[in-house]
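Working notes, beginning with the structure itself.
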Amino acid sequence: MPTSVTMPQLGESVAEGTIGKWLKRPGDQVDRDEAIAEVITDKVNSEVPSPIAGVLERILVPEGATVAVGQAIAIVGDGSGVAQPDVEPVAASSRGQDARAPSSTTPADVVAASPGPVAPAKASGPFDPGAVEGPRFYTPVVLRMAREHGIDLAHVEGTGLGGRVTKRDLERYLEQRGAAPLPPAAPSEAIAPPSAPAATPPAAVAPSPAPLPARGAPSADDEALPVSPIRRAIAEHMVRSVQTSPHAWSMIEVDMTEVARVRAAGQADWQRREGSELTFLPFVLKAVAEALREHPMLNATWDRDHVVLKRRINLGIAVATEDALLVPVLKDADQMSLVGLARAVRTLVQRARAGKLTLDDVQGGTFTVNNTGALGSILSQPIINQPQAAILTTEAIVKRPVVVEGDAIAIRSMMYACCSFDHRVVDGAQVLRFMQAVRRRLEAYRADTPVW
């Protein structure tokens, strides 16, 4: 019996994934658990295995397309149902191809739609943008925007693969509608039944803000760069975070002079034993993990009408690669020593930059630390890694004159640290108490503190 292969859940906050590359073609023999496709999300690249041994009969989603978790992307069977299209069964796309651009080699057997017909919206009830006639597929982001603005998606021209409506299509539609709103009785935008009388217009209507100029083709002086699937996934995740959480932030400065001395004193021995450099990050991670035990509200998430406290302290570590930002997770970081944290961080960073992170490496994070100082930044405000409640960024450690005890001026190694937080979960006072706990631990080191 044919078996559907569905888009897997690649992380607790991931609602969709992008087909980066098909590893098999229709007619190919596959073993159980053999990878047939590569999927890209904002968290990790992962391979999708075949649930059974058999023949890949149909590919339902082309490369570059983004689909919701749980949607069928391929069919595996005994080979009797292998499609025989007139063209190549897989669109010849690459990671750098713009997923919104239609492909001339899109296969005849690709079904870019959700299975089964969808009932049209009832005229007497609230408008449901996802309830339109025809087998069209919409991503969760598009559906949410349509519900918020009362848009009938059947009347939005899609520029995505196979005519799919993208977020940019909706933004362009809203700009055009703001510039020239349709009359209330127009069926394409009417939410009430067509027979309902038009509402009496108000005496005075506030002028609408001027629409943004339409984006045209790039000029001769510009260059249009294609957006890779992982870049698009990161962009959507960042936008979703800002739209979801009311961001607030606080910043403190930390005297890292003693930590710098401890690091310098143990550097030679560390390199001899570990074969790598001892960085400042393990010191910060240890202080953060211990401070989260003391202030658990920062290790939480907002869930509709309640706050979920996370008992395990799993620190996400932001890692920049050539073309992406990944966040592998240190599980149970509060139970690790300084040496254990340093080793674990080194392993995760190496795997991230080599593209070898597994799904388990990026799942379960409860708080994120971003070490922007490693790239020379001295001030920055991070965006929360959903669905977490907060993220801490540590900046470059810079020597500068500071007033110390006794009103003396001394040269100290200073570092700024900024914490962005979800104001639904915590308030500024709680965040500052947490940050003071981090600072207290970092400033408690002494030059003779052993690293091992």
Exercise. Might you check whether a residue that is surrounded by fewer than 21 Cβ atoms within 10 Å (Cβ to Cβ), over 29 Å from residue 236 (Cα atoms) and either under 25 Å from the mean Cα position of the chain (by Cα) or at pLDDT below 85 (or both) occurs anywhere in segment 52-65?
Key: no
Practice problem: Can you give me the number of residues within segment 335-371 that are under 21 Å from residue 310 (Cβ atoms), surrounded by 19 or more Cβ atoms within 10 Å (Cβ to Cβ) and over 18 Å from the mean Cα position of the chain (by Cα)? | Solution: 5
Exercise. Looking only at segment 382-402, decide whether some residue is over 25 Å from the mean Cα position of the chain (by Cα) and at positive phi.
Key: no
Quiz item: Quick one: would you say residue 250 is under 24 Å from residue 400 (Cβ atoms) and among the small types (Gly, Ala, Ser)?
Solution: yes
Quiz item: residue 425: at pLDDT below 95, over 12 Å from residue 250 (Cα atoms) and among the aliphatic types (A, V, I, L, M), yes or no?
Solution: no
Exercise. Run down 388, 381, 436 and say which single residue is outside any loop (DSSP other than H, G, I, E, B) and either out of contact with any Pro (no Cβ under 9 Å at 6 or more places or on another chain) or surrounded by fewer than 17 Cβ atoms within 10 Å (Cβ to Cβ) (or both).
Key: 436
Self-check item: Subset of segment 266-302 [among the aromatic types (Phe, Trp, Tyr) and in contact with a strand residue (DSSP E or B) (Cβ under 9 Å, 6 or more places away or on another chain)]
Solution: 280, 302
Exercise. Kindly indicate the residue of segment 255-279 that is assigned to a loop (DSSP other than H, G, I, E, B) and either more than 34 Å from the chain's Cα centre (by Cα) or polar (S, T, N, Q) (or both) and also modelled with the lowest pLDDT among those meeting that condition.
Key: 276
Practice problem: Any chance you could count how many residues in segment 393-425 are closer than 30 Å to residue 241 by Cα, touching a residue at least 60 places away in the same chain (Cβ under 8 Å) and hydrophobic (A, V, I, L, M, F, W, C)? | Solution: 7
Practice problem: Using the structure shown, decide if residue 441 is basic (Lys, Arg) and at pLDDT 95 or above. | Solution: yes
Quiz prompt | Elements of type helices (runs of 4 or more DSSP H) contained in segment 280-375, each with 3 or more residues being more than 30 Å from residue 255 (Cβ to Cβ) | solution = 338-353, 359-362
Quiz item: Among the residues of segment 398-421, is any assigned to a loop (DSSP other than H, G, I, E, B) and closer than 30 Å to residue 268 by Cβ?
Solution: no
Self-check item: Selection count, segment 11-47, where residues are assigned to a loop (DSSP other than H, G, I, E, B), modelled with pLDDT under 85 and among the small types (Gly, Ala, Ser)
Solution: 3
Exercise. Would you check if residue 403 is out of contact with any Lys or Arg (no Cβ under 8 Å at 6 or more places or on another chain) and either of a type in the set (Ser, Thr, Tyr) or more than 26 Å from residue 319 (Cα to Cα) (or both)?
Key: yes
Quiz item: Can you name the condition, by its number, that residue 388 falls short on among (1) in contact with a strand residue (DSSP E or B) (Cβ under 9 Å, 6 or more places away or on another chain); (2) at pLDDT below 95?
Solution: (2)
Quiz item: Out of all the residues in segment 196-254, which are of a type in the set (Val, Ile, Thr), modelled with pLDDT of 70 or more and out of contact with any Asp or Glu (no Cβ under 6 Å at 6 or more places or on another chain)?
Solution: 230, 239, 242, 244, 252, 254
Practice problem: List every residue pair whose Cβ atoms lie under 6 Å apart, where the two residues are 6 or more positions apart in sequence or sit on different chains, the first residue falls within segment 242-257 and is hydroxyl-bearing (Ser, Thr, Tyr), and the second residue, located anywhere, is in a strand (DSSP E or B) and surrounded by 15 or more Cβ atoms within 10 Å (Cβ to Cβ). | Solution: 245/422; 250/419; 257/412; 257/413
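The values are calculated or read from the model by the stated rules, or taken from the named source; none is laboratory data. Predicted model only: the values in this text are computed from it and were never measured. Here Cβ is always computed from backbone atoms with ideal geometry, including for glycine, and neighbour counts include all displayed protein chains.
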